[in-house]
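Participant: Here you go, one structure.
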Amino acid sequence: MENFITQNPTKLIFGKGSAARISREIPSEARVMVLYGGGSIKKNGAYDDVMRALEGHVVTEFGGIEPNPKYETLIQAVELARSSGSDFLLAVGGGSVIDGTKFVSCAMRYSGANLWDFLLDSSLLKAIEPVPLAAVLTLPATGSEMNNGGVISRYSTGEKLPFHHDGVFPRFSVLDPCYCFTLPDRQVANGLVDTFAHVLEQYLTYPSESRVQDRFSEGILLTLKELAGPLMKNHADYDLMSNFMIAATMGLNGYIAWGVPQDWTTHMIGHELTALHGLDHGVTLAIVYPALMDVLREPKGDKLLQYGERVWNVNAGSRESRIDATISHTRNFFESLGIRTHLSDYGIGTSTIDAIVKRFSDRGWKLGERGDVDPATVRRILEAAM
Ligand code: NZQ
Ligand code: ZN
């Protein structure tokens, strides 16, 4: 097991009616800015509950944060937050709204001339203390409600980049499964794949004698496998949605990462597919993961066998045939959610592969748990995804 230091300061407030607690969690003198997306929160009750809980506070609203939150939109939110004197940010929505709010909280305290700079170089954020924020989650997927990361897209340049800062852990997050009952099939499917991929990125590397973390990870994967069918048929089942919310939060709140090697290659390639073609985040992961498992079957072989055996009951046959069966189970799982898993299904071809490989090359990125996934390997993965 590798050395690690861990601390997660986010308070989780879970269950039906939990938004009423907000008033007790936000300082009474705080000037609150409520940030949200395209309007789903006005249909699922979250907006009304939040506004009721904030009665007595000075409240400013910023709506219209889009999926894969846009830098161009968020800089308007920064202006409004500054001009209104807001000193507490409340994100109400999915990962995009929470990530956008994290960006705003850093940007409000960042004195550099160009706010995009800290996406290119996170060290620029070291000296700042972001404005405190909290979240009311309406879409289980990203884990953003209990982590210190965000991913921001810049439409003018076709970029999508992550950033991290310990100051953007939400002070608290409200998880009320009832707000998720209105989710469309597409977003439930995306959330299941995203959570599944988060766990794999922290698990599918090489054996590291991290038995508790491995079994937590396998527990989340098995839970997702078990939930997926019934949840896709019925998004309004409180217990199913509760378990999905916990799986998604646990998938990326740092707990399963204790002392284990990680490999975020699938996410980094996926971000480029979204940046260049607008594909949903979950869709990009469903395309890349089976191909990555195939191309990296040697370095990841031992963990692929463990994953196959413990999650998909693949016990018999040669090493290669077990790995093949494990990859097929993974692909079939994603496809069973209605997500197609090949680049060609989306009309994406070699020019995109060339563009992504060039970007990785220009940035000097070497990914993977051993830092050896170079641009040539990224090309092989994308070609295997065709
Ligand atoms: O904008 P509104 O009207 O709210 O509609 C949203 C949006 O259209 C809708 N939605 C959300 N909750 C709903 C709902 N519709 C009906 N009922 C509800 N209860 O769903 C659509 C997608 O929302 P979005 O927030 O974009 O989805 P998600 O939570 O999957 O977030 C994706 C973003 O998070 C980033 C992704 O890259 C992507 O930009 N990620 C963030 C991470 C993090 N911060 O740690 C990690 C992830 O790997 C991921 O990269
Ligand atoms: Zn993700």
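Participant: Restricting attention to the range 55-75, does a residue exist that is outside any loop (DSSP other than H, G, I, E, B), among the acidic types (Asp, Glu) and open to solvent by 40 Å² or more (accessible area, probe 1.4 Å)?
Facilitator: Taking the range 55-75 and keeping what is outside any loop (DSSP other than H, G, I, E, B), we get 58-62, 70-75.
Now restrict to residues that are among the acidic types (Asp, Glu): 61, 72.
Checking the rest, the ones that are also open to solvent by 40 Å² or more (accessible area, probe 1.4 Å) come to 61, 72.
Yes, that holds for at least one residue.
Table: residues versus (1) in a loop (DSSP other than H, G, I, E, B); (2) open to solvent by 20 Å² or more (accessible area, probe 1.4 Å).
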{"residue": "Leu231", "(1), (2)": "no, no"}
{"residue": "Ser242", "(1), (2)": "no, no"}
{"residue": "Met245", "(1), (2)": "no, no"}
{"residue": "Ala248", "(1), (2)": "no, no"}
{"residue": "Gly259", "(1), (2)": "yes, no"}
{"residue": "Gln262", "(1), (2)": "yes, yes"}
{"residue": "Gly270", "(1), (2)": "no, no"}
{"residue": "Ala275", "(1), (2)": "no, yes"}
{"residue": "Gly282", "(1), (2)": "no, no"}
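Participant: Looking at the range 21-35, can you tell me whether even one residue there is closer than 24 Å to Pro67 by Cα, open to solvent by 40 Å² or more (accessible area, probe 1.4 Å) and under 25 Å from the mean Cα position of the chain (by Cα)?
Facilitator: Scanning the range 21-35, I find no residue that is closer than 24 Å to Pro67 by Cα, open to solvent by 40 Å² or more (accessible area, probe 1.4 Å) and under 25 Å from the mean Cα position of the chain (by Cα), so the answer is no.
Participant: Same structure again: Pairs, please: C-beta under 6 Å, at least 6 apart or cross-chain, first residue more than 26 Å from Arg154 (Cα to Cα) and in the range 276-297, second within 11 Å of ligand 2 (Cβ to nearest atom)?
Facilitator: Leu292/Thr266
Participant: Still on this structure: From the list Ser351, Ser328, which one is in a helix (DSSP H, G or I), open to solvent by less than 70 Å² (accessible area, probe 1.4 Å) and among the hydroxyl-bearing types (Ser, Thr, Tyr)?
Facilitator: Ser328 is the lone residue from the list that is in a helix (DSSP H, G or I), open to solvent by less than 70 Å² (accessible area, probe 1.4 Å) and among the hydroxyl-bearing types (Ser, Thr, Tyr).
Participant: Any residue at all in the range 59-76 that is more than 27 Å from Leu279 (Cβ to Cβ), without any contact (Cβ under 8 Å) to a residue 60 or more places away in the chain and within 14 Å of ligand 1 (Cβ to nearest atom)?
Facilitator: Within the range 59-76, the subset more than 27 Å from Leu279 (Cβ to Cβ) is 59-61.
Then drop every residue that is not without any contact (Cβ under 8 Å) to a residue 60 or more places away in the chain, which leaves 59-61.
Those left that are additionally within 14 Å of ligand 1 (Cβ to nearest atom): 61.
So far as the range 59-76 goes, yes, one or more of its residues are more than 27 Å from Leu279 (Cβ to Cβ), without any contact (Cβ under 8 Å) to a residue 60 or more places away in the chain and within 14 Å of ligand 1 (Cβ to nearest atom).
Participant: For the range 69-95, which positions are of a type outside the set (D, E, K, R) and closer than 23 Å to Ala20 by Cα?
Facilitator: To start, the set of residues in the range 69-95 that are of a type outside the set (D, E, K, R) comprises 69, 71, 73-78, 80-81, 83-86, 88-95.
Residues satisfying the conditions are Ser86, Phe88, Leu89, Leu90, Ala91, Val92, Gly93, Gly94, Gly95.
Participant: Determine the pairs where a residue that is more than 7 Å from ligand 1 (Cβ to nearest atom), located within the range 178-194, has a partner that is part of a loop (DSSP other than H, G, I, E, B) and polar (S, T, N, Q) with Cβ atoms under 8 Å apart, the partner being 6 or more residues away or on another chain.
Facilitator: Cys178/Asn44; Phe181/Asn44
Participant: Quick check: is even one residue across the range 334-346 closer than 28 Å to Lys303 by Cβ, at pLDDT below 95 and open to solvent by 70 Å² or more (accessible area, probe 1.4 Å)?
Facilitator: no
Participant: Enumerate the pairs (first residue in the range 117-133 and polar (S, T, N, Q); second residue anywhere and at pLDDT 90 or above and open to solvent by less than 30 Å² (accessible area, probe 1.4 Å)) with beta-carbon separation below 7 Å, excluding pairs fewer than 6 apart on the same chain, so at least 6 apart or on different chains.
Facilitator: Hits for this filter: Ser122/Phe163.
Participant: Right, next: Out of Leu139, Leu227, Leu200, I need the residue that is within 14 Å of ligand 2 (Cβ to nearest atom) and assigned to a helix (DSSP H, G or I). Which one?
Facilitator: It is Leu200.
Participant: Give the residue that is nearest to Ala53 (Cα to Cα), with candidates limited to residues of the range 135-159 that are in contact with a strand residue (DSSP E or B) (Cβ under 8 Å, 6 or more places away or on another chain) and of a type in the set (Val, Ile, Thr).
Facilitator: Val136
Participant: Working only within the range 30-54, note down all residues that are within 13 Å of ligand 1 (Cβ to nearest atom), among the hydrophobic types (A, V, I, L, M, F, W, C) and assigned to a strand (DSSP E or B).
Facilitator: Within the range 30-54, Val34, Leu35 qualify.
Participant: If you check Val199 against the conditions, is it in contact with a Ser or Thr (Cβ under 6 Å, 6 or more places away or on another chain), more than 15 Å from ligand 1 (Cβ to nearest atom) and of a type outside the set (Phe, Trp, Tyr)?
Facilitator: Spelling it out, it is not the case that Val199 is in contact with a Ser or Thr (Cβ under 6 Å, 6 or more places away or on another chain), more than 15 Å from ligand 1 (Cβ to nearest atom) and of a type outside the set (Phe, Trp, Tyr).
Participant: In the range 76-96, how many are in a loop (DSSP other than H, G, I, E, B) and within 16 Å of Ser173 (Cβ to Cβ)?
Facilitator: 1
Participant: Still on this structure: Would you pick out the residues in the range 142-165 that are more than 12 Å from ligand 2 (Cβ to nearest atom), hydroxyl-bearing (Ser, Thr, Tyr) and open to solvent by 10 Å² or more (accessible area, probe 1.4 Å)?
Facilitator: Going residue by residue through the range 142-165, those that are more than 12 Å from ligand 2 (Cβ to nearest atom) are 145-146, 148, 152-159, 161, 163-165.
From what is left, the residues that are hydroxyl-bearing (Ser, Thr, Tyr) are 153, 155-157.
Tyr155, Ser156, Thr157 - these are the residues of the range 142-165 that are more than 12 Å from ligand 2 (Cβ to nearest atom), hydroxyl-bearing (Ser, Thr, Tyr) and open to solvent by 10 Å² or more (accessible area, probe 1.4 Å).
Participant: Take Gly100 and tell me if it is part of a strand (DSSP E or B) and under 27 Å from Asp48 (Cα atoms).
Facilitator: no
Participant: Sticking with this one: Could you check, for the range 171-179, whether at least one of its residues is within 12 Å of ligand 2 (Cβ to nearest atom), buried (at least 24 other Cβ atoms within 10 Å of the Cβ) and closer than 26 Å to Asp239 by Cα?
Facilitator: no
Participant: So, in the range 354-370, how many residues would count as being open to solvent by 20 Å² or more (accessible area, probe 1.4 Å) and under 20 Å from Leu120 (Cβ atoms)?
Facilitator: Qualifying residue count, the range 354-370: 10.
Participant: Report yes if Phe118 is open to solvent by 10 Å² or more (accessible area, probe 1.4 Å), part of a helix (DSSP H, G or I) and either aromatic (Phe, Trp, Tyr) or in contact with a Cys (Cβ under 8 Å, 6 or more places away or on another chain) (or both), otherwise no.
Facilitator: no
The values are calculated or read from the model by the stated rules, or taken from the named source; none is laboratory data. Since the model is a prediction, treat every value here as computed from it, not as a measurement. Here Cβ is always computed from backbone atoms with ideal geometry, including for glycine, and neighbour counts include all displayed protein chains. The accessibility values were calculated without ligands, DNA or RNA, using every heavy atom of the protein model including side chains. Shrake-Rupley method; radii C 1.70, N 1.55, O 1.52, S 1.80 Å.
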